[in-house]
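Take a look at the structure set out below.
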Amino acid sequence: MNEKISALLLRMQKLEEELEAEIGRAGEMLSYRIQEKRVLFEESVAAYHRGLRKGLFRFIREASVRDMMTAPVIYSMVFPMALLDLCVTLYQAICFPIYGLKKVRRSDFIVIDRTELEYLNIVEKLNCAYCGYGNGLAAYFREVAARTEEYWCPIKHARKVRNPHSRYHKFVDYGDAEAYRKRVEDISRNERRE
C-alpha cells in the first residue's frame with residue numbers, strides 16, 4: 001500500500017475517533033450515560049420521555065393504511081434473517097478456526113438498545129428492534145464475508161467499488177501479480193489474521 005493511501009487511512013481513523021467522541025458528547029447533552037451496555041437516562045428525562053409516548057391504540061388508529069398493509073410483508077423477513085444469522089454464525093464457527101481467522105463478534109454489530117427508550121410504545125420498540133437486528137445482521141454478515149474475502153481473494157477490483165468493506169483497503173491492487181503471490185504465500189504459512 002502506498003504512503004498516501006496509508007496517510008489517508010490514518011486520517012479517516014482519526015476522524016472516526018473524533019466522531020465517536022462527539023457522539024459521546026451528544027449523550028451527555030441528552031442526559032444519558034452507558035453503564036454495562038445499558039443506557040440510563042436521568043430520572044427527570046425518563047419521566048419527560050414517558051409523557052411523550054403515544055399510546056398503543058392511538059398509534060394504531062393513526063397509522064396509515066399503507067403502513068398497516070406492508071407490515072406483514074416487512075415482518076415476514078424475520079425468518080430468512082434468522083436463517084442467515086444461524087448460517088453465518090455456523091459458517092464462521094466451523095471455518096474461521098481452520099483458517100486461523102479471528103471470529104467476528106456478533107454483539108459488536110447487532111445492537112438492540114432503542115427498546116429502552118421510554119418515549120416509544122410497544123409497536124415502535126418492536127419496529128426499532130427489528131431494524132436494529134436487520135441492519136446489524138447485514139453488518140455482521142458483511143464483516144464475516146470481508147474476512148473471508150481477505151483470506152481467499154484479497155485483490156481490489158479494477159472498477160470503483162461503492163462503500164467498500166472495512167478490509168478492502170488492505171487488498172493488493174488489481175493486476176499486481178507479485179503482491180498477490182506474496183500475499184498467498186503469507187496466508188499459506190498459516191499466519192493468524194485479524
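We did not get these values from a lab; they are worked out from the coordinates using the rules stated. As the structure is a prediction and not an experimental result, all values here were calculated from the model. All Cβ positions, glycine included, derive from the backbone under ideal geometry; neighbour counts span all protein chains shown.
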Cut-off under 5 Å, modelled amide H: who pairs with E118 long-range: none
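Going down the table (K37/K102; K125/K170; K14/K54; K125/K160; K4/K37; K160/K182), which pairs top 30 Å between alpha carbons?
Beyond 30 Å: K125/K170; K14/K54; K125/K160; K4/K37.
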Projected label distance in nm at A21 and C131, using a 7 Å step from Cα toward the beta-carbon: 3.0
Cα centre as origin, Lys/Arg/Asp/Glu Cβ charges: the chain dipole, Debye: 440
Extension reserve of the A158-E62 stretch, reckoned as 0.36 nm per residue once the Cα distance is removed: 29.5 nm
Residues of the range 139-161 with amide N under 18 Å of a point placed 7 Å along Cα→Cβ from I98: 144-153
The range 1-129 shape via C-alpha gyration tensor axes, a/c threshold 1.5: oblate
Estimated distance in nm for a label pair at S31 and S76, the labels positioned 7 Å out from Cα along Cα-to-Cβ: 4.5
Formal net charge of residues neighbouring N2 (Cβ-Cβ distance under 12 Å; K, R +1; D, E -1): -2
Difference of contour (0.36 nm per residue) and Cα-Cα distance, A47 to L8: 9.5 nm
